[in-house]
Structures are given as structure tokens and as C-alpha cells.
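> I have a structure I would like to understand better, so I am pasting it below and will then ask my questions one at a time.
The values are calculated or read from the model by the stated rules, or taken from the named source; none is laboratory data. Quick caveat, the model's predicted, so the values are computed rather than measured. Using ideal geometry, Cβ is built from the backbone for each residue, glycine included, and neighbour counts are taken over all protein chains shown. We work out accessible area using only protein heavy atoms, side chains counted, and drop any ligands, DNA or RNA first. Shrake-Rupley method; radii C 1.70, N 1.55, O 1.52, S 1.80 Å.
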Amino acid sequence: MLPLVELEVRHLRALCAIADTGSVRKAALQLGMTQPSLTTQLRRIEGTIGGLLFTRGQTGSRPTPLGHSVLSRARPIIAEMSALVTAAREAAVGVGGLRLRIGSIGSRAVTGWLRRIHQRLPDTDTTIHIEVSSNTLLQLLATNQLDVAFVHEAAGFPLHIPAGVERRVLIAGEPRFVSLSAAHPAAARPLVRLAELAHDAWIVDPTADEEAAALRRVFTATGLDPRLVHVRDNTTAADLVASGEAVRPCQPTADPAPGTVIRPLTGDPLTAQLALASRHGSLPLRELDALYGDLMDAYVAVAGANPTYRAWLDRNGSPLLPSVGSH
């Protein structure tokens, strides 16, 4: 029997790395360890806690219910420690000057948002942190590692809003479109029914907040039961879609990868709320208003430049359309 260990922050980081990468091997590479060393460390941690934290399968290492419970407590601890170290380093070196720390989900609006901020605040040191998980961004915001964050919330699956964090809605119900092979029988139609994709495998990112759960809820409501495929790498996902192996939900502002098309779903069964989150009182109201305006302008610009999304906005009489026409 392996000796027990006294849990330290490095052990919690190891657990989070395994959960985030979905693999002991990948986590070991990320942490600068060998796979056998991390495997031994994991067994000692599990021995200390008294239960199995991960199961191994063809799709990699996945947290058990106990693992999810431990991870939900480990992440805030790690975030607090990172915040402590950052604050201490800044105090030690006397960091000064203007600084703006931005967090965001992946979005085509991010580049235009940053460009507008740089133009408006040329003397501000602006940094960007991109995450798949909006819940992670909110936690970073709550622990003073970010100043503002562009987040999304899948309909029916509320985000976990930390105390002191507030949101301003950008888009109340952004539709999710579907990316499919240009050779797919449904690709020739301007609107695609879910039933036409019932026999396709659907790609989901397991690190994205409730993406798989939102899909399952829609499928259940329509009596469908397609297979879900977990893929974290965007390049691999795009290749699988182009080859006809799978389809994939996507943002309406996305551009199709080679060999693929992007189509709206009939009835818009998948939607998300987009918002700008901040800590209460962390920035002057005038600056928050300006950041919100910069983000909205950037979003409207990419929406107007995307023919598929623009057509959807036109059909649905969206209030974004007058702004789209001016960009």
C-alpha cells in the first residue's frame, strides 16, 4: 500500500490538470512530470481522500462523482493562491501604471474588441485570457485575477455566479448553428431540422460548460438519441466535420472551415446568453459602459460580416440589424 500524503496546493493542481486535459499523460506533460510519477501521486492522493477520483476509459480519465466534489473545492483554492502570488509579486516589484485584465470565451468578436480598447486606451497595459469555460472566467474574476470577462450561458443551465460578480447582458438569446460537411445531404438547405441530423455523431468539447448537457436536453425533448463524441482540439473537430464523420454545434459568427458549411437549426433549439461580467465596484461605471460599448460594436461588426448570421438576424427582425447596416 502506498503511503498517504498530506494534501498540498501542488496536489490540487495535479488533480485539476488531469481533469482539464482528460489524460494522466497529458497532465504529466503540462506539469513537467513523468506519467508514472503522476500516476503514483494520484494513487496517494486517492488513498488520503479515501476514494477513486478518476475513471479511465477509451475517452481518457474522467472524474468520478467524488472527483467532481473534490475538484469543485480545489479550483477556488488554486485560484485564491494564484491571486495571492500575483498580488504579492506586484507589491514586491512596485508594479504601477494603468492595467486592464480581460477574460473571454473564444469568439470572433474578441479581436475587434481588443482593437477598440487599444484605440481608446492606448496607454493602458491590456491583457487577454481566453477560456472555454465561462465558470472558470467568473472564478478568475471573483478572485481579482481579471477585471472584466465576456461570458456565455447555455439556455437552461445557469452559470455559477460568485458573490460580488455582476453581469450586463449583451445578447439575450444568441442561436447556436450547426457545422456540417459540405457534402452532407442537409447542407443544401438554408435551415436544417434536427431530425435530419439524428443519425450523425455530434462533436462536443467536454471542457465547455454544459455543452453536452444542453444538447442531450434538446435531443431528449425531440425524441432523438444521437451519439456524442468528445473532442477538445478544434483542428481535429473541423477535420471530422469536413470528412462527414460528425457534425458540430457552433457560434453563429463562426466562419466555415474548408469543406464545411454552417447552417441555422429550425426553431433555434440551442441558444445562449452573452454577457459582460465584472466585480462590483472594481471599475468606474463610465469605464464599464465603454468596455460594454466596445464589445457590442465588435460583436455587431462580425455579425454583419457573416452572411449566414446576417440572414438569420434579418428573418428574425433582430434589433441588431440597424447597427449591422451601419458597419
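> Select one label from [x] 20.8, 67; [y] 31.7, 132; [z] 21.6, 69: the one whose number is Rg and Dmax of the Cα atoms in Å as derived from the coordinates shown.
Here the calculated entry is [z].
> Based only on Cα atoms, what Rg/Rh ratio does the range 193-246 have, Rh being taken as Kirkwood's radius? Walk me through the intermediate numbers first.
Details: Rg = 11.2 Å, Rh = 11.6 Å.
Rg/Rh: 0.97.
> Okay, next question. Which ³J(HN,Hα) values, rounded to whole Hz and listed in residue order, are derived for the range 249-258 from phi using the Karplus coefficients 6.51, -1.76 and 1.60 in 6.51 cos²θ - 1.76 cosθ + 1.60 with θ = phi - 60°, glycine and proline given as x?
3J(HN,Hα) across the range 249-258, in whole Hz: x, 8, 5, x, 8, 5, 8, x, 6, x.
> Further question on the same structure: With unit charges on the beta carbons (Lys and Arg positive, Asp and Glu negative) and the dipole taken about the Cα centre of the chain, which residue among His160, Ile49, Ala182 sits farthest to the positive side?
So the residue we want is Ile49.
> Along each of the three principal axes of the Cα atoms of the range 1-70, give the extent in whole Å, ordering the values from largest to smallest.
Projected onto its principal axes, the Cα set of the range 1-70 covers 27, 27, 22 Å.
> I'm a student and want to see the number: the projected area of the Cα convex hull of the range 29-89, averaged over all directions, in nm². Before the final figure, lay out the partial values.
Details: hull surface 21.6 nm².
Taking the Cα atoms of the range 29-89, their convex hull projects to 5.4 nm² on average.
> If packing is taken as the average count of other Cβ atoms within 10 Å, what order do 223-229, 139-145 fall into, highest mean first? List each step's numbers first, then the result.
Numbers: 223-229: 13.4, 139-145: 20.4.
Going by the mean number of other Cβ atoms within 10 Å, highest first, we get 139-145, 223-229.
> List the residues whose amide H sits under 5 Å from the amide H of His129, counting only those 5 or more places along or on another chain, with H placed 1.01 Å from N in the peptide plane.
Ile102, Gly103, Ser104
> Between Leu270 and residues 5 or more places away or on another chain, which pairs have amide H atoms under 5 Å apart, with H built 1.01 Å from N, and which residues are they?
For Leu270, whose amide H was placed from the backbone, the distant partners under 5 Å are Arg176.
> Report ³J(HN,Hα) in whole Hz for each residue of the range 286-299, in order, from the Karplus equation J = 6.51 cos²θ - 1.76 cosθ + 1.60 where θ = phi - 60°; Gly and Pro get x.
4, 6, 4, 4, 5, 5, 4, x, 4, 5, 4, 4, 5, 5
> While we're here: Per DSSP H run of at least 4 residues, take -39500 (n - 2.57); add these up for the chain, divide by its residues and hand me the 222 nm value, nearest 500 deg cm²/dmol. Could the numbers behind the result be given before it?
Numbers: 11 runs with 142 residues, N = 327.
Using -39500 (n - 2.57) per qualifying helix, the result is -13500 deg cm²/dmol.
> Send over the per residue convex hull volume for the range 122-244, Cα only, as a whole number of Å³.
Values: hull volume 19.3 nm³, N = 123.
Each residue corresponds to 157 Å³ of Cα convex hull volume.
> For Cα pairs less than 8 Å apart in space and 6+ apart in sequence, what is the mean separation divided by the residue count of the chain, i.e. the relative contact order in percent? Don't skip to the answer; put the middle values down first.
Working: 507 pairs, mean separation 60.5, N = 327.
Result for the chain is 18 percent.
> Give, in nm to one decimal, the length gained when the segment between Thr271 and Ala201 is fully stretched (0.36 nm per residue of separation minus the Cα-Cα distance). All intermediate terms of the calculation are to be shown ahead of the outcome.
Values: separation 70, 0.36 × 70 = 25.20 nm, distance 2.00 nm.
Taking Thr271 through Ala201 to full extension adds about 23.2 nm, to one decimal.
> Please identify, among Leu295, Leu138, Leu197, the residue showing maximal mean-square fluctuation in a Gaussian network model of the chain using a 10 angstrom Cα cutoff.
Leu197
> Okay, next question. On average, how much accessible surface per residue is there in the range 192-327, in Å², for a 1.4 Å probe, leaving out ligands, DNA and RNA?
Working: 6440 Å² over 136 residues.
Here the per-residue accessible area is 47 Å².
> With the full set of protein chains in place, find how many percent of the accessible area of the chain is carbon and sulfur; take the probe as 1.4 Å.
Values: 8930 of 16530 Å².
The computed percentage sits at 54.
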